[in-house]
Each structure stands twice: as structure tokens, then as C-alpha cells.
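One structure is given below, encoded as C-alpha cells.
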Amino acid sequence: MGFPHASHPRETVVLSRYFGDAGARSYRGWVERGGYAALRQALGMAPDEVTAVVKESGLRGRGGAGFPTGLKWSFMPKNDGKPHYLICNADESEPGTFKDREIMRWTPHQLIEGCAIAAYAIGAETCYIYIRGEFTEPLRIMTAAVAEAYAEGALGPNVLGSGKRIDVVIHRGAGAYICGEETALMNSLEGKRGNPRIKPPFPAQAGVFGMPTTINNVETLAAVPHILTRGAAWYKALSLGNPKSTGTKLISVCGHIARPGNYEITLGFPMKDLVFDLAGGMRPGRTLKAVIPGGSSVPIMTAAEIEDCPTDYEGIAAKGSMLGSGGMIVMDDSADMVYQIWRLARFYAHESCAQCTQCREGTAWTTKVLERILAGKGKEEDLQLLLDLSENMTGKTICVLSDSCAAPIVSGIQKFRSEFEAYISKARKPALAGV
Amino acid sequence: MSQHLAQPHGAAGHGGHAAPHEPVFVGETRAKLDQLFARYPIKAACLLPALWLVQEARGWISEQAMAEVADVVGLTPAYVKGVVTFYTMYHTHPVGRHFIQVCTTSPCGLCGAEDTLKALLAQTGCGELGATSPDGRFTVMEVECLGACGFPTPILVDDDFIESVTPDGVAAILKRYA
Ligand SMILES: Cc1cc2nc3c(=O)[nH]c(=O)nc-3n(C[C@H](O)[C@H](O)[C@H](O)COP(=O)(O)O)c2cc1C
Ligand code: SF4
Ligand code: FES
């Protein structure tokens, strides 16, 4: 549902069904709306059976990478005698993305139920929900909901009378985009600086506290209860494009758009209709220039490229970009692409954890060069320099933050080169004061 | 490294350094921390939560408070300082009575966040980023994406998350904070 707008008839409303309905926030309210039936059902199955259902559904990670969820769960060792952990990634900090916040604000029990089912499936007794520090309201609501779930016996030593123990602990972050990266998050949870770790070892072998760990995004986990109650076949059938992209996805639409908000689509839904129909299209008198479809870390698409693009993992990849987190940033003809790309580069320079030279130097240097171009002091060779720097920042670092900085720069120069050249040739007035 | 775009540097200065450190982890706060320890397999995992408890109690985290946290969590003061300075939300200097964080990242920037920031800097009397207003009421910081890009411009005033703030709306919001 395009909260705060009424749901659009072309949406497929599953996760967002109760957005805006404060009555769904309490345990009782959630149970009245069918909640906790999925957890009860899961507890009556073998953990492996639960994983098999999720695998069969085709659910893929909604945090950015799109990794198949059931497969990820199946990597967890069996009968190894070690404690296992589940982490719910609620760090949501990718510019353009604001869907996990709505899930937590309106349907905290949808997430708690998903966490409990996943914990059961992977043999974990503890789930940490890592919520970014700035999300004060979701933090309050989630904390209250967890307390209520304990009081009602849906969490704790004897979950819904099954004899199984599942604890959920809310952990507050303290401001750092990089802590959304899964291994940085684990370090942060251990009380360290949020530096990403070199992989391998992968989390399923040695994750948080050195123990086997599964980490999933909020939206991924919130989908799990629905898959259990309605069945893998139902979920799998929700697919308008490629059969490898199944289910619904919340798309956060923001920027230059008439009706910003979260829209829940069946994967494969035409991107053009998403922008122009669901989200209301451009503001009066404006035309579409560009879309960044998957949060700020993915390549920019032109208006022409969205014309026939299915909104799913494969459809967007075929256009050279990515579905990512589903945070869609829309820009109309009033947007200055050079300025916007500089602002994004500055974001990554600010958020780099500075462990890798290519990232530390590259994010800062590209920001400087873009600043120079915007100040009217760019040189002809600066565009090649930006491309060379970007090349050196891609595929060479511990995590992909460095690649994420390069993505908008490279695609921006490829697709909007004349805007850069206008600053360099001084055809366009400087947008920034001297550097 | 994750630092504020500019560090807060208050009119309040580095006040409090000379005064002896009043321990934070006594009574109820100590009991809260002990409850937290039970939820994690290692004590160090309570470092971020412990730092939050300090900031809630004192408004900022002094070097002495870091030493106290190091002591109760079983780490060295240098380690604690290294962690504190990694995260943008911990204040290592005193700030105004109300701390305002304003998102200016691209999606909000496209929708006028920079004008909202200017209005906040002017109407609070802070003038510049990171400075505390002469009356000690406010400190304003520019921050990166607050995860509410569909509601530009979101701001955080202390723990109050306020959506869709425009320059025209600033005055009415500031009135609510004495
Ligand atoms: C720099 C960076 C930031 C990330 N931020 C987030 C985030 O805020 N939330 C999230 O769920 N995943 C984020 N991810 C992806 C996680 O590393 C991880 O893939 C995800 O949490 C796995 O969950 P999923 O399989 O359910 O998507 C980020 C990745 C990188 C490289
Ligand atoms: S790529 Fe950047 S953010 Fe990622 S680990 Fe290296 S320095 Fe840190
Ligand atoms: S860009 Fe401002 S909240 Fe995301």
C-alpha cells in the first residue's frame, strides 16, 4: 500500500495490508488479523521442512543482494552443538529506501513472527534485531511488541507451548550506514567499530560471536509467515516476469514524484506503470529524466530505459542496473545530474569505513573531482579520470560500498555526459563555490 | 570514517571536564546494564547499549564516562573511544538542549532539504552546522539518509522523528522545544 495513500488497485497487498491500521500493532490485534498462525504451523513441522517451503517459494533477500532465502538457511550446519544466531537487518540506510521502517512501525508482529519462524528453521534460540539508531519510533514500537510477545508466550522459553526456546533482542545502532553491511553489522553487534569482515568465513560458518549465523532483511523475514500460511505455490505464482523473481516487493518511491510512498507490487510489474500510475507520475509540467531503481548504490537508468523494464531482479539487470533494496529515486528534467551524482559520491565518502585504500581514497577523490567540475574548474580529462578512479574502486575491496560509489558515477557519465561537459566548457554556470 | 559532516562545537564549550565524574552506572542504570549483559554471550556486546545509557543520562559522553564504560564492560578506555568516534550519534562534546539532525542526502536534496536546513540554522540561531545557539537551546547537524526519503525533509529533534518539514514549518516545530 502506498502509505500514506490508499492502496492502488494494481498493487498486490500482502506485507503492507495493515500499514496505517494502528489496531494491527498489538499482539491481540495481530492475532485477530490472522497473526501467529504461521508460527504455530511452523512449530508443528520439522525445521528442515520449513526451510524447504521457503526454498520452494522462490523468496529472495530483500536487503539488496537478492540471494535465495531458503538456500541461505540451508547453509546452516546441522547438529554441530554450537549456538546458532539469527540476525534481522533493520539498519535501513540506503538512500531512497524506507520500507522496513513502515513494516516495523505498523506491523511489528509480522516481523517478530517471521523472525521466530526463521530462528526455528535454522536452529537458533536467539534473534537479534539490529535497528538503526535514528529509527526512534520503530524502536519504541518494536520494543513494546517484543515485550508483549513475551508476555503472551509467543517468545521465550516455551514458544506457543511447543517447548522451544526463542529469544528476540532489539539492538540499537548508533549511526553508520556501513553497519547495514552484514559483517559490519556483526562487528557492531559485538561492540566493535562497524568494519566489514573479509569473507570467507561466511556467516553460516562463523558469524556473530564466531557462531553460525543467518542474517536477513526485515522485508525478507516479514514475507515468511505469509509463505507458510498461504503456501509456496501461491508465492511462486506471484510473478509477472522472470520465474526466478517471485512474490511481492515493497518499492519505496521518492524524489521528483507526485505521490511518494511505498508500493507493493508483484515482481515483474512494469516499471513505467509503477512510476506513472501507482506513484502518480511527474509533478505538473515536468518530464522524467532518470530513475535510480534500487537504492542509491545501483546504476542510473534513463527515462527511455524504464519504458519496457519489468521491475524484477532479471528485468532490471538486463537494463544494466539492479533491483537492490527497491528504493526508487526519481528525477525529472529539473534535476542537475552532476550535482546529484556529486552528492551521492559525498555520501559514500562520508560513509566509507576507510579500511580499504581504493575505497577510502577513491570515494574522497571522486567527490573532489566532481566538486571541481561543479565549481566550473573542471578539466577535459576529468571525466576519464573519474572513470579510471571508478574502475579502480570496483571489485577490489572488502565490501561493495566502494563499487556503490562508482555505479552512479560511471552510469552518470555514460548517460548524461553532456551535462558534465557543459560545466567543463563553462556553458553552464558553476553550481558550487570554488574549491 | 563515519563522522558527522561537521563536528558539534558548542557555545557550551568543553564544560564539565574539570568537575569530578559522577558515576552513571549506579542504582537503576546499573541494574539496566546487568539485565542487558544477560542477553548476549559476551559482555563487550553491551558496549553500544551502555554508551546509549550514558548519553541518555548525561546528554553526551565525556572521556571520564568512556573510562567508566570501559570499566563496567571490561574493555580499555582507548578501545571504547575508538568505538564511540566511529558512530555519528554519540556526542563527544556537550550539545544544545535539543539536538536536531537534518537529512540532506540526494532524495531529500531533490525535494528542497537544503532550504529546510538553512531555515533551521537561521531560526534556531545556530548559524552554522555543529554550533550551539547562543541561548543553549539547539545544535543542528546535517546527516545522511534517515530512511524516510518519501517524507522529505525528515528531521530528528532529540528522539522525535518529524516528517515532511519545509522551511515554512520550521517556526512551529521549534516552538515546541523550550
Ligand atoms: C554498504 C552496504 C549496506 C547495506 N545496508 C543494508 C541495510 O541497511 N539493510 C539490509 O537489509 N541490508 C543491507 N545490506 C545488505 C546486507 O549486507 C545483506 O546482504 C542483507 O542484510 C541480507 O539479507 P537478505 O538476504 O534478506 O537480503 C547492505 C550491504 C552493503 C554492502
Ligand atoms: S569497501 Fe569501503 S566501506 Fe567497504 S570495507 Fe572497504 S573501506 Fe570499508
Ligand atoms: S534521503 Fe533523506 S531520508 Fe533518505
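Listed here are the helices (runs of 4 or more DSSP H) enclosed by the stretch B:65-125 that have at least 1 residues being surrounded by 24 or more Cβ atoms within 10 Å (Cβ to Cβ) and of a type in the set (A, V, I, L, M): B:77-84, B:113-124.
Residues satisfying the criterion are present in the stretch B:82-94 (criterion: away from ligand 3 (no atom under 16 Å from the Cβ), in contact with a Ser or Thr (Cβ under 9 Å, 6 or more places away or on another chain) and over 24 Å from residue A:191 (Cβ atoms)). Does the stretch A:386-408 contain at least one residue that is more than 27 Å from residue A:183 (Cβ to Cβ) and surrounded by fewer than 19 Cβ atoms within 10 Å (Cβ to Cβ)? Scanning the stretch A:386-408 turns up at least one residue that is more than 27 Å from residue A:183 (Cβ to Cβ) and surrounded by fewer than 19 Cβ atoms within 10 Å (Cβ to Cβ).
From B:169, B:150, grab the single residue that is part of a loop (DSSP other than H, G, I, E, B) and under 21 Å from residue A:3 (Cβ atoms).
Going through B:169, B:150 in turn, the sole match is B:150.
Residues are listed down the side, and each one gets a yes or a no for (1) touching a strand residue (DSSP E or B) at 6+ places or on another chain (Cβ under 9 Å); (2) more than 9 Å from chain B (Cβ to nearest Cβ):
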{"site": "A:130", "(1), (2)": "yes, yes"}
{"site": "A:133", "(1), (2)": "yes, no"}
{"site": "A:150", "(1), (2)": "yes, yes"}
{"site": "A:174", "(1), (2)": "no, no"}
{"site": "A:182", "(1), (2)": "yes, yes"}
{"site": "A:187", "(1), (2)": "no, yes"}
{"site": "A:208", "(1), (2)": "yes, no"}
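Does residue A:325 satisfy the criteria of being in a loop (DSSP other than H, G, I, E, B) and over 17 Å from residue A:302 (Cα atoms)? In short, yes. Looking across A:320, A:395, A:376, A:326, one residue alone is within 14 Å of another protein chain (Cβ to nearest Cβ) and at positive phi. It is A:326.
Before we move on, is residue A:49 at pLDDT 95 or above, more than 16 Å from ligand 3 (Cβ to nearest atom) and either crowded, with 24+ Cβ neighbours inside 10 Å or not in a loop (DSSP other than H, G, I, E, B) (or both)? Taking the combined requirement at face value, the residue satisfies it. Across the stretch A:79-130, the number of residues qualifying as within 16 Å of ligand 3 (Cβ to nearest atom) and β-branched (Val, Ile, Thr) comes to 1.
To keep it simple, each residue is scored yes or no on (1) modelled with pLDDT of 95 or more; (2) within 16 Å of ligand 2 (Cβ to nearest atom); (3) surrounded by 20 or more Cβ atoms within 10 Å (Cβ to Cβ); (4) more than 29 Å from residue A:163 (Cα to Cα).
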{"position": "A:6", "(1), (2), (3), (4)": "no, no, no, yes"}
{"position": "A:29", "(1), (2), (3), (4)": "yes, no, no, no"}
{"position": "A:33", "(1), (2), (3), (4)": "yes, no, no, no"}
{"position": "A:79", "(1), (2), (3), (4)": "no, no, no, no"}
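When you scan the stretch A:346-374, how many residues do you find that are away from ligand 2 (no atom under 13 Å from the Cβ) and within 24 Å of the chain's Cα centre (by Cα)? Here the count works out to 1.
The combined condition, being farther than 30 Å from residue A:32 by Cα, at the interface with chain B (Cβ under 10 Å from one of its Cβ atoms) and without any contact (Cβ under 8 Å) to a residue 40 or more places away in the chain, is fulfilled by residue A:191. Return yes or no: is residue A:115 surrounded by 24 or more Cβ atoms within 10 Å (Cβ to Cβ) and assigned to a helix (DSSP H, G or I)? For residue A:115, the condition - surrounded by 24 or more Cβ atoms within 10 Å (Cβ to Cβ) and assigned to a helix (DSSP H, G or I) - is met. Of all residues in the stretch A:118-129, those satisfying the criterion of being more than 20 Å from the chain's Cα centre (by Cα) and part of a helix (DSSP H, G or I) are A:119, A:120, A:121, A:122. Going by the conditions given, is residue A:360 within 16 Å of ligand 3 (Cβ to nearest atom), without any contact (Cβ under 8 Å) to a residue 40 or more places away in the chain and under 25 Å from residue A:185 (Cα atoms)? For residue A:360, the condition - within 16 Å of ligand 3 (Cβ to nearest atom), without any contact (Cβ under 8 Å) to a residue 40 or more places away in the chain and under 25 Å from residue A:185 (Cα atoms) - is not met. Within the stretch A:133-161, residues that are under 15 Å from residue A:173 (Cβ atoms) have Cβ atoms under 9 Å from residues that are aromatic (Phe, Trp, Tyr) and in a helix (DSSP H, G or I) in these pairs: A:133/B:52, counting only partners at least 6 apart in sequence or on another chain. With respect to the conditions (1) away from ligand 2 (no atom under 14 Å from the Cβ); (2) away from chain B (no Cβ under 14 Å), residue A:390 falls short on a single one, namely (1). Identify the residue in the stretch A:350-363 that is in a helix (DSSP H, G or I) and either within 18 Å of residue A:339 (Cβ to Cβ) or in contact with a Lys or Arg (Cβ under 6 Å, 6 or more places away or on another chain) (or both) and, among all such residues, is farthest from the other protein chains (Cβ to nearest Cβ). If we take residues in the stretch A:350-363 being in a helix (DSSP H, G or I) and either within 18 Å of residue A:339 (Cβ to Cβ) or in contact with a Lys or Arg (Cβ under 6 Å, 6 or more places away or on another chain) (or both), then A:358 is farthest from the other protein chains (Cβ to nearest Cβ). Scanning the stretch A:92-108 for residues that are in a helix (DSSP H, G or I), over 11 Å from residue A:326 (Cα atoms) and more than 8 Å from chain B (Cβ to nearest Cβ) returns A:102, A:103, A:104, A:105, A:106, A:108. Being within 14 Å of ligand 1 (Cβ to nearest atom) and of a type in the set (A, V, I, L, M) is the filter here, so list the residues in the stretch A:53-82 that pass it. Of everything in the stretch A:53-82, those that are within 14 Å of ligand 1 (Cβ to nearest atom) and of a type in the set (A, V, I, L, M) turn out to be A:54, A:59, A:65, A:71, A:76. Step by step: first the residues of the stretch A:165-203, then only those that are surrounded by 18 or more Cβ atoms within 10 Å (Cβ to Cβ) and among the basic types (Lys, Arg), then the one that is nearest to ligand 3 (Cβ to nearest atom). Which residue is that? The qualifying residue nearest to ligand 3 (Cβ to nearest atom) is A:172.
The values are calculated or read from the model by the stated rules, or taken from the named source; none is laboratory data. In this text the structure is predicted, and so the values were computed from the model without any measurement. With ideal geometry, Cβ positions are generated from the backbone for all residues, glycine too; neighbour counts draw on all protein chains shown.
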